[in-house]
Amino acid sequence: MNTQAIISELHNDLLKNSDPVRREQAKRFFKEEVNHLGVAVPVVRKISAAHFSEVKHLDKKEIFQICEKLLKKEQEFQIIAFDWLNKIRKKFEPSDFEFFQYCLENYVSNWASCDDFCAHALGFFLYKFPQFLPKLKIWARSENRWMRRASAVSLIYSLRKDFYLEDAFELATILLEDKDDLVQKGYGWMLKEATKTRQKEVFTFVMNHKAKMPRTALRYSIEKLPSAMKQEAMR
């Protein structure tokens, strides 16, 4: 089956499950313009899984090419593209970084796509190939808000496995006074994930920086801490 046929099948299945009301409701979750077909995310993931068998036998580069075509379309297609990338994560190689950064720079334009890509496929890539972690410090200084958010969210996969805490603190320091609330939420989420394994270290970091840390980032980062620590941090 050729690429266009695969995309047409996906499109047909998505349209069968689209809901105009849900499409309008989805707009409330984004500040920017996001194109939706109005399909519930769990349904999109089922469609993604059902059609992955049509591409999983292909060469990795061919799958990359199909995913890039999907990324140019509506939000639901982007969910499928990032899901398929994640499904072939065991095939990732260091040379794939250029493609992933290209996708991030050119196709990620809202928090949902950023988090879907960075917390899974891209996060796994960085966990497996930590030699690319210094790139995150460059992203953290980008003018592109999604690159800055991605720099933090991309570490969440590793932090859940208790890796790269010092890198997380470096990124949080770079992003500390960022004015963008979606970036603040991104690095706050990163620190919150780190509290699951390194509670004391994150608490110390927050206490040392809370005078400059925006309230949004602070609240996100301490969300999972014990009440006494949360009260101390908010004092």
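The values are calculated or read from the model by the stated rules, or taken from the named source; none is laboratory data. Treat the numbers as computed from the prediction; the structure is a model and nothing was measured. Note: ideal-geometry Cβ built from the backbone for every residue, glycine included; neighbour counts use all protein chains shown. Heads up: the accessible areas ignore ligands, DNA and RNA and are worked out on the full protein's heavy atoms, side chains in. Shrake-Rupley method; radii C 1.70, N 1.55, O 1.52, S 1.80 Å.
Test A140 against the criterion of being at negative phi, touching a residue at least 12 places away in the same chain (Cβ under 8 Å) and open to solvent by less than 10 Å² (accessible area, probe 1.4 Å), and give yes or no. It would help to see each step written out before you state the result.
On the way: at negative phi: yes; touching a residue at least 12 places away in the same chain (Cβ under 8 Å): yes; open to solvent by less than 10 Å² (accessible area, probe 1.4 Å): yes.
Yes, satisfied.
If you take the residues in segment 1-26 that are surrounded by 12 or more Cβ atoms within 10 Å (Cβ to Cβ) and farther than 13 Å from E76 by Cα, which one is nearest to the chain's Cα centre (by Cα)?
That would be Q25.
Scan A233, A217 and give me the residue that is crowded, with 17+ Cβ neighbours inside 10 Å, within 19 Å of K137 (Cβ to Cβ) and small (G, A, S).
On the way: A233 fails: within 19 Å of K137 (Cβ to Cβ).
The unique qualifying residue is A217.
From I66, I79, which residue is over 14 Å from the mean Cα position of the chain (by Cα) and at pLDDT 95 or above? Quick ask: steps written out before the conclusion?
Values: I79 fails: over 14 Å from the mean Cα position of the chain (by Cα).
Checking each option against the conditions leaves just I66.
Quick check on segment 72-91: of everything there that is among the charged types (D, E, K, R) and more than 21 Å from D59 (Cβ to Cβ), which residue is least open to solvent (accessible area, probe 1.4 Å)? Reasoning before the result, please.
Taking segment 72-91 as the starting set, the residues that turn out to be among the charged types (D, E, K, R) are 72-74, 76, 83, 87, 89-91.
Those left that are additionally more than 21 Å from D59 (Cβ to Cβ): 73-74, 76.
Working: K73: 78, E74: 51, E76: 3 Å².
Out of the qualifying residues, it is E76.
Based on this model, can you work out whether K69 counts as open to solvent by 60 Å² or more (accessible area, probe 1.4 Å) and either free of Cβ contacts under 8 Å to residues at least 60 places away in the same chain or touching a Cys at 6+ places or on another chain (Cβ under 8 Å) (or both)? I'd like the intermediate steps shown before the answer.
Numbers: open to solvent by 60 Å² or more (accessible area, probe 1.4 Å): yes; either free of Cβ contacts under 8 Å to residues at least 60 places away in the same chain or touching a Cys at 6+ places or on another chain (Cβ under 8 Å) (or both): no.
No: the conditions fail for K69.
Rundown of residues vs (1) over 27 Å from Q184 (Cβ atoms); (2) without any contact (Cβ under 8 Å) to a residue 12 or more places away in the chain; (3) out of contact with any strand residue (DSSP E or B) (no Cβ under 9 Å at 6 or more places or on another chain), yes/no style:
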residue	(1), (2), (3)
P42	yes, yes, yes
K46	yes, yes, yes
K60	yes, no, yes
F82	no, no, yes
Q101	no, no, yes
F125	no, no, yes
P130	no, no, yes
W146	no, no, yes
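Can you tell me how many residues in segment 55-77 are within 20 Å of A112 (Cα to Cα) and outside any helix (DSSP H, G or I)?
Final tally of qualifying residues: 3.
Note down all Cβ pairs under 7 Å where the first residue falls in segment 207-224 and is of a type in the set (G, A, S), the second is surrounded by 18 or more Cβ atoms within 10 Å (Cβ to Cβ), and they're at least six residues apart or on different chains.
Once the first residue is of a type in the set (G, A, S) and sits in segment 207-224, its partners that are surrounded by 18 or more Cβ atoms within 10 Å (Cβ to Cβ) give A217/Q184; A217/Y187; A217/G188; S221/G188; S221/L191; S221/K192; S221/V202; S221/V206.
Under 8 Å between Cβ atoms, at least 6 apart or on separate chains: pull out the pairs that start in segment 152-165 with a residue that is of a type in the set (V, I, T) and end on any residue that is not in a helix (DSSP H, G or I).
V153/A119; I156/A119
Here's a check for you: in segment 27-54, which residue that is farther than 20 Å from N110 by Cβ and part of a loop (DSSP other than H, G, I, E, B) is least open to solvent (accessible area, probe 1.4 Å)?
E54
Here is a list of conditions, (1) in a helix (DSSP H, G or I); (2) in contact (Cβ under 8 Å) with a residue 12 or more places away in the chain; (3) of a type in the set (K, R), and K200 meets all of them except one; can you say which number that is?
All conditions are met except number (2).
Condition first: surrounded by fewer than 23 Cβ atoms within 10 Å (Cβ to Cβ) and at negative phi. Now tell me which residues in segment 159-177 satisfy that.
Just the residues of segment 159-177 that are surrounded by fewer than 23 Cβ atoms within 10 Å (Cβ to Cβ), to begin with: 160-167, 169-170, 173-174, 176-177.
Within segment 159-177, R160, K161, F163, L165, E166, D167, F169, E170, T173, I174, L176, E177 meet the criteria.
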